[in-house]
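A short worksheet on the structure shown next.
The values are calculated or read from the model by the stated rules, or taken from the named source; none is laboratory data. All values derive from a computational prediction rather than experimental measurement. In this analysis, Cβ positions are derived from the backbone assuming ideal geometry, glycine residues included, and neighbour counts consider all displayed protein chains. The accessibility values were calculated without ligands, DNA or RNA, using every heavy atom of the protein model including side chains. Shrake-Rupley method; radii C 1.70, N 1.55, O 1.52, S 1.80 Å.
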Amino acid sequence: MHRPVPPHLILASSSMTRLQMLRSAGLTVEAMPARVDEDAVKRAMVSEGANPRDVADALADGKARKVAGKQGGLVLGCDQVLAFEGEVLSKPENVEDAKVQLLRLGGQRHMLFSSAVIYEDAKPVWRHVGVARMHMRAPSPGYLEDYLDRNWDSVRHSVGGYKVEEEGARLFTRIEGDQFTVLGMPLLEILSYLVLRGTLSA
């Protein structure tokens, strides 16, 4: 009789992208989405003058803390924040919002802050915020309309209104930072911590 393998991590998220990244790296992971009002937290922190890095960290912490209060073991919370000219931008609500945002970002550099916080026995034991610097070309309005028409169902939940692992790569001239951070999770740093504490072998 095969006994179930206990999970290395509980992922406090419903993100299939993050779940797949962890599983592809060989981790046994269970997803347990946290119900956190991310927009309310973000608005409150921005109104108090918090910087984008701290906003990202607080959102990840809130998710991990929420699930860790009900679940033992290691709980991982993650989030991603887009910062442009000191402003924290939110996910576009519709295609028109996405077009306006992408036109605003065009020809400029913005930053993605991908945060991760791990709780053990309802206490935070590790945290990290990865940074990626995104250099976007200046796309034509016509191309953006076509791009969003083709890809809206895929990018609608992306904070930037794009996915660089898909056609969104055409929007950029240069990216500084690792691919995992761009996708929304500092995977290499998470794996290094798990190896260091003996949870994973390497």
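Scanning the range 88-101 for residues that are open to solvent by 10 Å² or more (accessible area, probe 1.4 Å) and farther than 27 Å from LYS66 by Cα yields ASN94, VAL95, GLU96, ASP97, LYS99, VAL100, GLN101.
Among the residues making up the range 156-202, those that are of a type in the set (A, V, I, L, M, F, W, C) and touching a Phe, Trp or Tyr at 6+ places or on another chain (Cβ under 8 Å) are VAL164, LEU171, LEU187, LEU188. The residue pairs whose first member lies in the range 171-195 and is over 14 Å from SER24 (Cβ atoms), whose second member is part of a loop (DSSP other than H, G, I, E, B) and of a type in the set (Val, Ile, Thr), and whose beta carbons are closer than 6 Å, counting only pairs six or more residues apart or on different chains, are VAL182/VAL164. For MET32, the stated conditions hold: it is under 17 Å from the mean Cα position of the chain (by Cα), hydrophobic (A, V, I, L, M, F, W, C), within 22 Å of LEU183 (Cβ to Cβ) and open to solvent by 50 Å² or more (accessible area, probe 1.4 Å).
Within the range 149-156, does at least one residue satisfy the condition of being closer than 30 Å to GLN71 by Cβ and in contact (Cβ under 8 Å) with a residue 24 or more places away in the chain?
Within the range 149-156, one or more residues are closer than 30 Å to GLN71 by Cβ and in contact (Cβ under 8 Å) with a residue 24 or more places away in the chain.
Give me the residue from the range 153-194 that is of a type in the set (Val, Ile, Thr) and closer than 20 Å to GLN20 by Cβ and, out of that set, modelled with the lowest pLDDT. If we take residues in the range 153-194 being of a type in the set (Val, Ile, Thr) and closer than 20 Å to GLN20 by Cβ, then VAL159 is modelled with the lowest pLDDT.
Could you please let me know if VAL164 is among the β-branched types (Val, Ile, Thr), closer than 20 Å to PRO33 by Cα and either in contact (Cβ under 8 Å) with a residue 12 or more places away in the chain or touching a Leu at 6+ places or on another chain (Cβ under 7 Å) (or both)? It is false that VAL164 is among the β-branched types (Val, Ile, Thr), closer than 20 Å to PRO33 by Cα and either in contact (Cβ under 8 Å) with a residue 12 or more places away in the chain or touching a Leu at 6+ places or on another chain (Cβ under 7 Å) (or both). Going through (1) open to solvent by 20 Å² or more (accessible area, probe 1.4 Å); (2) of a type in the set (Gly, Ala, Ser); (3) within 24 Å of ILE10 (Cβ to Cβ) one by one, ALA64 falls short only on (1). Only residues that are touching a Ser or Thr at 6+ places or on another chain (Cβ under 6 Å) and closer than 19 Å to LYS123 by Cβ: list them for the range 55-77, please. Those that are touching a Ser or Thr at 6+ places or on another chain (Cβ under 6 Å) and closer than 19 Å to LYS123 by Cβ: ASP57, ALA60.
For the range 80-108, filtering for residues that are under 14 Å from SER13 (Cβ atoms) and touching an Asp or Glu at 6+ places or on another chain (Cβ under 7 Å) leaves 0. Considering the range 102-202, the qualifying helices (runs of 4 or more DSSP H), each wholly inside and each with 3 or more residues that are open to solvent by less than 50 Å² (accessible area, probe 1.4 Å) and in contact with a helix residue (DSSP H, G or I) (Cβ under 6 Å, 6 or more places away or on another chain), run over 141-155. Screening LEU22, LEU76, LEU82 for residues that are open to solvent by less than 10 Å² (accessible area, probe 1.4 Å), closer than 30 Å to GLU145 by Cβ and not in a loop (DSSP other than H, G, I, E, B) leaves exactly one candidate, LEU82.
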